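K.L.:
Can you read through this structure? Questions will come right after.
The values are calculated or read from the model by the stated rules, or taken from the named source; none is laboratory data. Computed from a predicted structure; not experimentally measured. Cβ placement follows ideal geometry from the backbone for every residue including glycine, while neighbour counts extend to all protein chains displayed. Please note that ligands, DNA and RNA were not included when accessible areas were found on the heavy atoms of the full protein model with its side chains. Shrake-Rupley method; radii C 1.70, N 1.55, O 1.52, S 1.80 Å.
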Amino acid sequence: MAGSKNVFGIFMVQMMFLALFFSHADGKGLKVGFYKKSCPQAEDIVYKVISDVMAVAPSLSGPLLRMHFHDCFIRGCDGSILLDSPTKQSEKFSAPNLSLRGFNIIDRVKLALEKACPGVVSCADISAIVARDVTVATKGPYWEVETGRRDGKVSLVAEPSTPITGLPPFFSNINILKQSFGLRGLNVKDLVVLSGGHTIGMSPCSSFNDRLYNFTGKGDMDPTMDPNYIARLKLKCKPGDQTTLAELDPGSFKTFDDSYFKLVTKRRGLLQSDAALLDDPETRAYMVQATSHGSTFFKDFGVSMVKMGRIGVLTGSQGEVRKVCTKTN
């Protein structure tokens, strides 16, 4: 019992800390065109590198978009997810981040920017701009990215794995999702809109295998999932498969569109956290609207991405501008 009380106490301290931290995370100091004088070609350089990458490796669009999300939800949008650790004690080595790819692409962008404008553009800003550019490259919406973030110096492996205060896990129910997003100043609409980012990318079978083979520990399937969809997934993912990847949005996982919402409403959301969006009246209503004539999804996605990009930012004299994204100066 004492141990349970200690765990609860630690959890409450984490919640209080994050609530205080994110309450000051309003994006103050960020603006569109922050590098207009110090590095006027910054966004053009990022665009050129990403265009070249997408021409040969379009499957990196999903991971690079997710990277910005994973960064912002831990310590805010400070580039901490990019830091390496010789003992594997930084965020990128946490279980929720092991499926991310494209760190070398961020390094490639940073190298190009350092050649043009040494020590000017932060890795945190690079991640935000790249997220926009891979979205556009997959036929998604364009939005003006606010810049001016500085890079954090702390990255801890344990933080992303903590439910609610860390990254919301793939098995989250709607209450956990709402708490996690709410803690960061994001509302229910932001939750469902940003979930729409699952229209591109893939997920390892390990993230949904239980839904196919052992949902409640009795060798059963998830009853909320379309059985025909389950049958198709079983052809790809065998029990215990940890490595095979499945499309989050079958048929158009390289194209940013509204088909994710169509699939989820047909009970074909790949992850439990996708299916959970049907359990809230507001998220369910948005999914229906997102697939209808006059959908505002593309516009809304840009708005929510800007809002997410303000979480816990370091600006002014805070943090640093790393010369290399994988290590502090």
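K.L.:
For segment 58-71, indicate whether the set of residues that are open to solvent by 40 Å² or more (accessible area, probe 1.4 Å), modelled with pLDDT of 95 or more and either under 21 Å from the mean Cα position of the chain (by Cα) or of a type in the set (Ser, Thr, Tyr) (or both) is non-empty. Even if it seems obvious, please write down each step before you answer.
P.N.:
Initial filter on segment 58-71 (open to solvent by 40 Å² or more (accessible area, probe 1.4 Å)): 58-59, 66, 69.
From what's left, modelled with pLDDT of 95 or more: 66, 69.
Restricting the remaining residues to those that are either under 21 Å from the mean Cα position of the chain (by Cα) or of a type in the set (Ser, Thr, Tyr) (or both) gives 66, 69.
Scanning segment 58-71, I find at least one residue that is open to solvent by 40 Å² or more (accessible area, probe 1.4 Å), modelled with pLDDT of 95 or more and either under 21 Å from the mean Cα position of the chain (by Cα) or of a type in the set (Ser, Thr, Tyr) (or both), so the answer is yes.
K.L.:
I'd like to check something: does segment 100-113 contain any residue that is open to solvent by 50 Å² or more (accessible area, probe 1.4 Å) and outside any helix (DSSP H, G or I)?
P.N.:
Going residue by residue through segment 100-113, those that are open to solvent by 50 Å² or more (accessible area, probe 1.4 Å) are 101, 104, 107-108, 111.
After this cut, where a residue has to be outside any helix (DSSP H, G or I) as well, the list is 101.
Checked segment 100-113: at least one residue is open to solvent by 50 Å² or more (accessible area, probe 1.4 Å) and outside any helix (DSSP H, G or I).
K.L.:
Restricting attention to segment 114-157, report how many residues are more than 17 Å from the chain's Cα centre (by Cα), assigned to a loop (DSSP other than H, G, I, E, B) and farther than 25 Å from Phe301 by Cα.
P.N.:
Number of matching residues: 8.
K.L.:
Six or more apart or on different chains, Cβ atoms under 9 Å: show the pairs whose first residue is in segment 282-306 and over 19 Å from Ile174 (Cβ atoms) and touching a residue at least 40 places away in the same chain (Cβ under 8 Å) and whose second is open to solvent by less than 60 Å² (accessible area, probe 1.4 Å) and basic (Lys, Arg).
P.N.:
Gly302/Arg132; Met305/Arg132
K.L.:
Which condition number does Ile74 fail, the rest of (1) open to solvent by 50 Å² or more (accessible area, probe 1.4 Å); (2) in a loop (DSSP other than H, G, I, E, B) being met?
P.N.:
Result: Ile74 passes all but (1).
K.L.:
Specify the residue that is most open to solvent (accessible area, probe 1.4 Å); the eligible residues are those in segment 247-266 that are of a type outside the set (Ser, Thr, Tyr) and closer than 15 Å to Arg284 by Cα. Explain how you work it out, then say what you get.
P.N.:
First pass over segment 247-266, keeping only residues of a type outside the set (Ser, Thr, Tyr): 247-251, 253-254, 256-258, 261-264, 266.
In the following step, the residues that additionally are closer than 15 Å to Arg284 by Cα were identified as 258, 261-264, 266.
Values: Asp258: 45, Phe261: 0, Lys262: 90, Leu263: 34, Val264: 2, Lys266: 122 Å².
Filtering segment 247-266 for residues that are of a type outside the set (Ser, Thr, Tyr) and closer than 15 Å to Arg284 by Cα, the one most open to solvent (accessible area, probe 1.4 Å) comes out as Lys266.
K.L.:
Please count how many residues of segment 288-329 are of a type in the set (A, V, I, L, M, F, W, C), surrounded by 19 or more Cβ atoms within 10 Å (Cβ to Cβ) and in contact with a strand residue (DSSP E or B) (Cβ under 9 Å, 6 or more places away or on another chain).
P.N.:
3
K.L.:
Within the bounds of segment 190-201, is there any residue that is open to solvent by 10 Å² or more (accessible area, probe 1.4 Å), out of contact with any Leu (no Cβ under 6 Å at 6 or more places or on another chain) and assigned to a loop (DSSP other than H, G, I, E, B)?
P.N.:
Within segment 190-201, none of the residues are open to solvent by 10 Å² or more (accessible area, probe 1.4 Å), out of contact with any Leu (no Cβ under 6 Å at 6 or more places or on another chain) and assigned to a loop (DSSP other than H, G, I, E, B).
K.L.:
Give segment 83-99 a look and list any residue that's among the aliphatic types (A, V, I, L, M) and assigned to a helix (DSSP H, G or I), or say none. Walk me through how you get there before you give the answer.
P.N.:
Quick first cut of segment 83-99, residues among the aliphatic types (A, V, I, L, M) only: 83, 95, 98.
Selection gives Ala95 alone.
K.L.:
Can you say whether Leu98 is under 19 Å from the mean Cα position of the chain (by Cα) and hydrophobic (A, V, I, L, M, F, W, C), as far as the supplied structure shows? Full working, then the answer.
P.N.:
On the way: under 19 Å from the mean Cα position of the chain (by Cα): yes; hydrophobic (A, V, I, L, M, F, W, C): yes.
Yes; evaluated as a whole, the condition is true for this residue.
K.L.:
Just one of the numbered conditions (1) under 25 Å from Thr255 (Cα atoms); (2) open to solvent by 40 Å² or more (accessible area, probe 1.4 Å) is not true of Pro141; which one?
P.N.:
Pro141 satisfies every listed condition except (2).
K.L.:
Can you confirm whether Leu212 is more than 23 Å from Pro63 (Cα to Cα), in a helix (DSSP H, G or I), among the hydrophobic types (A, V, I, L, M, F, W, C) and open to solvent by less than 20 Å² (accessible area, probe 1.4 Å)?
P.N.:
So Leu212 passes the test.
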